[in-house]
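A.B. asks: This is the structure I have questions about; it appears just below.
The values are calculated or read from the model by the stated rules, or taken from the named source; none is laboratory data. Bear in mind the structure is a predicted one, so any value in this text is a computation, not a measurement. Glycine also receives a Cβ, built like all others from the backbone with ideal geometry; neighbour counts cover every protein chain displayed. What goes into the accessible areas is simple: the full protein's heavy atoms, side chains included, and nothing from ligands, DNA or RNA. Shrake-Rupley method; radii C 1.70, N 1.55, O 1.52, S 1.80 Å.
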Amino acid sequence: GVVELLDPRPGEQILDAGSGTGHLAARIAASGARVLGIDASPAMVSAARAEYPALRFEVADLRTWRTPETFDAVFSNATLHWILQPSAAIDTLARVLRPGGRLVVEFGGHGNVARLTDSLRTAVGEVTGRTPPPFWYFPALGAYCALLESHGLAVTEARLFERPTPLDGGEGGLAAWYDEFCGHVLEPVPVAARAGVLARAQELARDRWLDGRWVADYVRLRVRAVRRPPGGG
């Protein structure tokens, strides 16, 4: 539903911030909009260029990226929770939006995968003696809206909602999820101890094993905002 909330239109110039392998950028471009996708991962950008050679993709750090281009709309899905300096990212997004342009974002909100990550942090702490701090940015609805407003973006729609998500892979699905998304948290753990840490994390998160599968406790934050004109209220 987040692409539908963006409502891309023919001829619009749209930025996909955190475009990954380009699938959503391609959906947006199918509307007739001109799309630029940016992502911090060279591997992701390379894959997007290979899959969608007619579209533009660039490697860019959203915290520091600058461009003379401006956009009718900025879109971002499942990206902003990776950026632990949210004000820097929002500053970039606001800079490239034309007055009256719209911002549509969705990412992890307050409480997202809390059960899964708390279990892993506890398990890592039991082995290393040091519990890792929270490692993603999952803001509360009001706090994030206030941050957008402070950068000249008027929030027109905002929603925080639960989206329980089954994981593939049966009993091994949670360990695979940890490997894919939380590898940086496991780095301080000796290699020989990692299997035990994952087993302990699964034990602590056992209440997320529901009807024969792991179900991640996703909570999503979805916001639509409009760039105020200079000097506008």
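A.B. asks: Go over the candidates ARG194, ARG130, ARG208 one by one and state the one that is surrounded by fewer than 13 Cβ atoms within 10 Å (Cβ to Cβ) and basic (Lys, Arg).
C.D. replies: The match here is ARG130.
A.B. asks: May I pose another question? Please pick out the residue among TRP214, TRP177 that is out of contact with any Cys (no Cβ under 8 Å at 6 or more places or on another chain), over 15 Å from ARG121 (Cα atoms) and among the aromatic types (Phe, Trp, Tyr).
C.D. replies: That would be TRP214, the only listed residue that is out of contact with any Cys (no Cβ under 8 Å at 6 or more places or on another chain), over 15 Å from ARG121 (Cα atoms) and among the aromatic types (Phe, Trp, Tyr).
A.B. asks: Here is a list: VAL105, VAL35. Which entry is modelled with pLDDT of 95 or more and more than 30 Å from PRO132 (Cα to Cα)?
C.D. replies: Checking each option against the conditions leaves just VAL35.
A.B. asks: Follow-up question, since we're still on this one. Please count how many residues of the stretch 128-147 are among the hydroxyl-bearing types (Ser, Thr, Tyr), in a loop (DSSP other than H, G, I, E, B) and in contact with a Pro (Cβ under 8 Å, 6 or more places away or on another chain).
C.D. replies: 1
A.B. asks: Exactly one of these conditions fails for THR92: (1) over 30 Å from TRP214 (Cβ atoms); (2) open to solvent by 40 Å² or more (accessible area, probe 1.4 Å); (3) out of contact with any strand residue (DSSP E or B) (no Cβ under 6 Å at 6 or more places or on another chain). Give me its number.
C.D. replies: Among (1) over 30 Å from TRP214 (Cβ atoms); (2) open to solvent by 40 Å² or more (accessible area, probe 1.4 Å); (3) out of contact with any strand residue (DSSP E or B) (no Cβ under 6 Å at 6 or more places or on another chain), THR92 violates only (2).
A.B. asks: Give the number of residues within the stretch 148-185 that are assigned to a helix (DSSP H, G or I) and over 17 Å from the mean Cα position of the chain (by Cα).
C.D. replies: Within the stretch 148-185, residues that are assigned to a helix (DSSP H, G or I) and over 17 Å from the mean Cα position of the chain (by Cα) number 11.
A.B. asks: Could you please tell me which pairs satisfy a Cβ distance under 7 Å, a separation of 6+ or placement on different chains, a first residue in the stretch 199-221 that is among the acidic types (Asp, Glu), and a second residue that is crowded, with 18+ Cβ neighbours inside 10 Å and at pLDDT 95 or above?
C.D. replies: As it stands, the answer is ASP217/VAL113; ASP217/LEU116; ASP217/ARG208, since those pairs meet every condition given.
A.B. asks: Could you check how many residues of the stretch 13-36 are farther than 20 Å from VAL223 by Cα, out of contact with any helix residue (DSSP H, G or I) (no Cβ under 6 Å at 6 or more places or on another chain) and open to solvent by less than 20 Å² (accessible area, probe 1.4 Å)?
C.D. replies: 2
A.B. asks: So LEU167 passes all but one of these: (1) open to solvent by 20 Å² or more (accessible area, probe 1.4 Å); (2) within 30 Å of ARG227 (Cβ to Cβ); (3) in contact (Cβ under 8 Å) with a residue 24 or more places away in the chain; (4) not acidic (Asp, Glu). Which condition number does it fail?
C.D. replies: Unmet for LEU167, out of (1) open to solvent by 20 Å² or more (accessible area, probe 1.4 Å); (2) within 30 Å of ARG227 (Cβ to Cβ); (3) in contact (Cβ under 8 Å) with a residue 24 or more places away in the chain; (4) not acidic (Asp, Glu): (2).
A.B. asks: Something else: Looking at (1) in a helix (DSSP H, G or I); (2) touching a residue at least 24 places away in the same chain (Cβ under 8 Å), can you tell me which one THR64 breaks?
C.D. replies: Here THR64 clears every test but (1).
A.B. asks: Mind telling me which of the residues ILE14, ILE28, ILE38 ends up being aliphatic (A, V, I, L, M) and within 14 Å of the chain's Cα centre (by Cα)?
C.D. replies: Selected residue: ILE38, the only one of ILE14, ILE28, ILE38 that is aliphatic (A, V, I, L, M) and within 14 Å of the chain's Cα centre (by Cα).
A.B. asks: Now for a different question. Kindly evaluate ALA78 against the criterion of being within 13 Å of the chain's Cα centre (by Cα) and either at pLDDT 95 or above or not hydroxyl-bearing (Ser, Thr, Tyr) (or both).
C.D. replies: Criteria met by ALA78.
A.B. asks: Restricting to the stretch 37-46, name every residue that is among the hydrophobic types (A, V, I, L, M, F, W, C) and open to solvent by less than 40 Å² (accessible area, probe 1.4 Å).
C.D. replies: ILE38, VAL45
A.B. asks: Those residues that are more than 19 Å from PHE135 (Cβ to Cβ) and in a loop (DSSP other than H, G, I, E, B), I need them from the stretch 67-86; list them, please.
C.D. replies: If the condition is that a residue be more than 19 Å from PHE135 (Cβ to Cβ) and in a loop (DSSP other than H, G, I, E, B), then THR67, PRO68, GLU69, THR70 are the ones that fit.
A.B. asks: Something else about it: Collect the residues in the stretch 88-146 that are more than 16 Å from the chain's Cα centre (by Cα), in contact (Cβ under 8 Å) with a residue 24 or more places away in the chain and at positive phi, keeping them in residue-number order.
C.D. replies: The answer is GLY100, and nothing else.
A.B. asks: It is to be established whether one or more residues within the stretch 198-208 are under 18 Å from TRP136 (Cβ atoms), touching a strand residue (DSSP E or B) at 6+ places or on another chain (Cβ under 8 Å) and part of a helix (DSSP H, G or I).
C.D. replies: Within the stretch 198-208 (the criterion being under 18 Å from TRP136 (Cβ atoms), touching a strand residue (DSSP E or B) at 6+ places or on another chain (Cβ under 8 Å) and part of a helix (DSSP H, G or I)), the answer is yes, since at least one residue qualifies.
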